[in-house]
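Worksheet for the structure shown next.
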Ligand SMILES: [Ca+2]
Ligand SMILES: [Ca+2]
């Protein structure tokens, strides 16, 4: 730093006044200790006289009293024997190196100290000592943090990014330590901590952190214990580059952000407060359907979901809060808009024991299939695990192919909205077969779910399937109607009568009474229904 003779002279004057004021105020004590306290000042004067660019040294006890202001115009060096107590206002305009003790008199209740880093060029904060500020302010250009600093009351991030020197992503070092009950003000994209911020206590806290010119705070709900300590930093980078592969993930984890992640460490304690993360225009794309968003955590070998307890905002900017099962490397992920359900089932009446596939339903010419490749159109329903009568989702107009696979139009599987992530029964419904559901409720946490009804009768709830051949099973035929002309989940006389009446009318074409799908309703169809009615076939449902 360059200083003119003019401002150095002013500094001498200020220091001189400071000493005189101090002597007047503290007459007896000062007289005893004045030489001791004058020593660093004398050294400073000598040093300054020798070279204006040299540092201001403190090797003994130095006090800035509550009503006083001190400006360190050059670099500040507090040696290993130095004790620098600031209860007034101290401005550091150069680099700061503390190898001793910098603190304040915590027995004072008025005007506790403000330590302000206000240089017009980059400042480093370093040394092997202990730095504790009551109030700390960053208002200069930029700061390189090379020793931990502790803030007891308030951190004012007026201006400049505080970049902590780090050796690894997760090693907590050179952190800003926020004492229990302390707070901060004025963090912004122009002023945040790029490194670890540590907080102690049982109150909620937002970590004023960022990286690469992006201010991306993380909010922690109140921990349980006053002694709980959490430490957090933010990294604007693809987590894969940091060693947390985005492709290593548990079932149910969506697309992990390739833009950013946070490291939140539970340094002391065992409580599990909620975490709130945010996104902005610099984040990975967030869908307008915020329910697809999730907080994810690296569990040491893969990403796992910490879920989505609540969200605010929209696709452009907002927050997501999650209940945490642990801490560490965390990020945002977006679940797929559509899940793929691969489900396979055979219909008894369309089964062809020669081809070992199903026949296609034909139109009234008895030749042309009703569907291009499918045998029939069916529905798949998701039913609530704890209450089967609640239908969670219905996919209708699905194509049932001769090999038993079922798919949405234009898809290779049944498309299910990605928001359905619970456990559901998978139910097959058709025009003229018995409602049949999966043996148990299946988890839809993953983006791909598959279920094959055909491999065993027990794949259906109540083992309610018919054997088509050894090891091949199908859905029972024959429930066409009921008392109120809708299917009643039973195969009985009403269904037989329905087919009989249409056979009498020689009904042709794609009709639900045409059980075998050959394009006409006749005695063969009556026999099929009659046979199952005789067996008292009915739907067995949870
Ligand atoms: Ca019926
Ligand atoms: Ca027929």
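Of all residues in the range 209-223, none satisfies the criterion of being farther than 22 Å from residue 142 by Cβ and without any contact (Cβ under 8 Å) to a residue 40 or more places away in the chain. If we keep just the residues of the range 484-508 that are away from ligand 2 (no atom under 16 Å from the Cβ) and more than 54 Å from the chain's Cα centre (by Cα), which is surrounded by the fewest Cβ atoms within 10 Å (Cβ to Cβ)? Checked the range 484-508; the qualifying residue surrounded by the fewest Cβ atoms within 10 Å (Cβ to Cβ) is 493. Out of (1) surrounded by fewer than 20 Cβ atoms within 10 Å (Cβ to Cβ); (2) touching a residue at least 12 places away in the same chain (Cβ under 8 Å); (3) under 23 Å from residue 480 (Cβ atoms), what's the single condition that is false for residue 361? Unmet for residue 361, out of (1) surrounded by fewer than 20 Cβ atoms within 10 Å (Cβ to Cβ); (2) touching a residue at least 12 places away in the same chain (Cβ under 8 Å); (3) under 23 Å from residue 480 (Cβ atoms): (1).
Of everything listed in (1) touching a residue at least 40 places away in the same chain (Cβ under 8 Å); (2) within 16 Å of ligand 1 (Cβ to nearest atom), the single unmet condition for residue 482 is (1). Do we find that residue 280 is under 30 Å from residue 178 (Cα atoms) and out of contact with any strand residue (DSSP E or B) (no Cβ under 8 Å at 6 or more places or on another chain) in this structure? No; evaluated as a whole, the condition is false for this residue. Against the list (1) closer than 24 Å to residue 338 by Cβ; (2) buried (at least 20 other Cβ atoms within 10 Å of the Cβ), the condition residue 433 fails is (1). Cβ-Cβ distances below 7 Å connect the following pairs, each with a first residue in the range 167-193 that is in a loop (DSSP other than H, G, I, E, B), a second residue that is loosely packed, with under 15 Cβ neighbours inside 10 Å, and a separation of six or more residues or different chains: 173/167; 174/165; 180/226; 189/213. Given the condition on the phi > 0 side of the Ramachandran plot and either modelled with pLDDT of 95 or more or not assigned by TED's automatic domain parsing to the domain that holds residue 415 (or both), answer yes or no: does some residue in the range 520-533 qualify? No, the range 520-533 contains no residue that is on the phi > 0 side of the Ramachandran plot and either modelled with pLDDT of 95 or more or not assigned by TED's automatic domain parsing to the domain that holds residue 415 (or both).
Going by the conditions given, is residue 450 in the same structural domain as residue 386 (by TED's automatic domain parsing), closer than 16 Å to residue 376 by Cα and surrounded by fewer than 21 Cβ atoms within 10 Å (Cβ to Cβ)? Considered against the rule, which asks whether it is in the same structural domain as residue 386 (by TED's automatic domain parsing), closer than 16 Å to residue 376 by Cα and surrounded by fewer than 21 Cβ atoms within 10 Å (Cβ to Cβ), residue 450 comes out as no.
Scanning the range 100-131 for residues that are under 20 Å from residue 199 (Cβ atoms), within 36 Å of the chain's Cα centre (by Cα) and surrounded by fewer than 21 Cβ atoms within 10 Å (Cβ to Cβ) yields a single hit, 130. If you go through the range 295-312 and keep only what is at positive phi and outside any strand (DSSP E or B), you end up with just 300. Residues that are modelled with pLDDT of 95 or more, within 11 Å of ligand 2 (Cβ to nearest atom) and either in the same structural domain as residue 377 (by TED's automatic domain parsing) or on the phi < 0 side of the Ramachandran plot (or both) are absent from the range 470-483 altogether. Can residue 498 be described as within 15 Å of ligand 1 (Cβ to nearest atom), farther than 21 Å from residue 353 by Cβ, touching a residue at least 40 places away in the same chain (Cβ under 8 Å) and out of contact with any helix residue (DSSP H, G or I) (no Cβ under 7 Å at 6 or more places or on another chain)? Answer is no for this residue. Scanning the range 466-506 for residues that are part of a loop (DSSP other than H, G, I, E, B) and within 19 Å of residue 517 (Cβ to Cβ) yields 476, 478, 479, 480, 481, 487, 491, 505, 506. Being modelled with pLDDT of 95 or more and over 10 Å from the mean Cα position of the chain (by Cα) narrows it down to one of 264, 290, 277, so name that one. One residue alone meets the criteria, 264. Scanning the range 272-282 for residues that are assigned to a loop (DSSP other than H, G, I, E, B) and touching a residue at least 60 places away in the same chain (Cβ under 8 Å) gives 273, 280, 282.
For every residue, the table says whether it meets (1) within 26 Å of residue 371 (Cα to Cα); (2) without any contact (Cβ under 8 Å) to a residue 24 or more places away in the chain; (3) within 13 Å of ligand 2 (Cβ to nearest atom).
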| position | (1), (2), (3) |
| --- | --- |
| 464 | no, no, no |
| 510 | yes, no, yes |
| 518 | yes, no, yes |
| 523 | yes, yes, yes |
| 530 | no, no, no |
| 536 | no, no, no |
| 540 | no, no, no |
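The criterion of at least 2 residues that are modelled with pLDDT of 95 or more, more than 30 Å from residue 177 (Cβ to Cβ) and in contact with a strand residue (DSSP E or B) (Cβ under 6 Å, 6 or more places away or on another chain) is met by none of the strands (runs of 3 or more DSSP E) falling completely within the range 1-117. Output the number of the condition that residue 440 fails; it satisfies all remaining conditions of (1) assigned to a loop (DSSP other than H, G, I, E, B); (2) within 11 Å of ligand 1 (Cβ to nearest atom); (3) without any contact (Cβ under 8 Å) to a residue 40 or more places away in the chain. All conditions are met except number (2).
The values are calculated or read from the model by the stated rules, or taken from the named source; none is laboratory data. These numbers come from a predicted model, not from an experiment. Backbone-built Cβ (ideal geometry, glycine too); neighbour counts: all protein chains shown.
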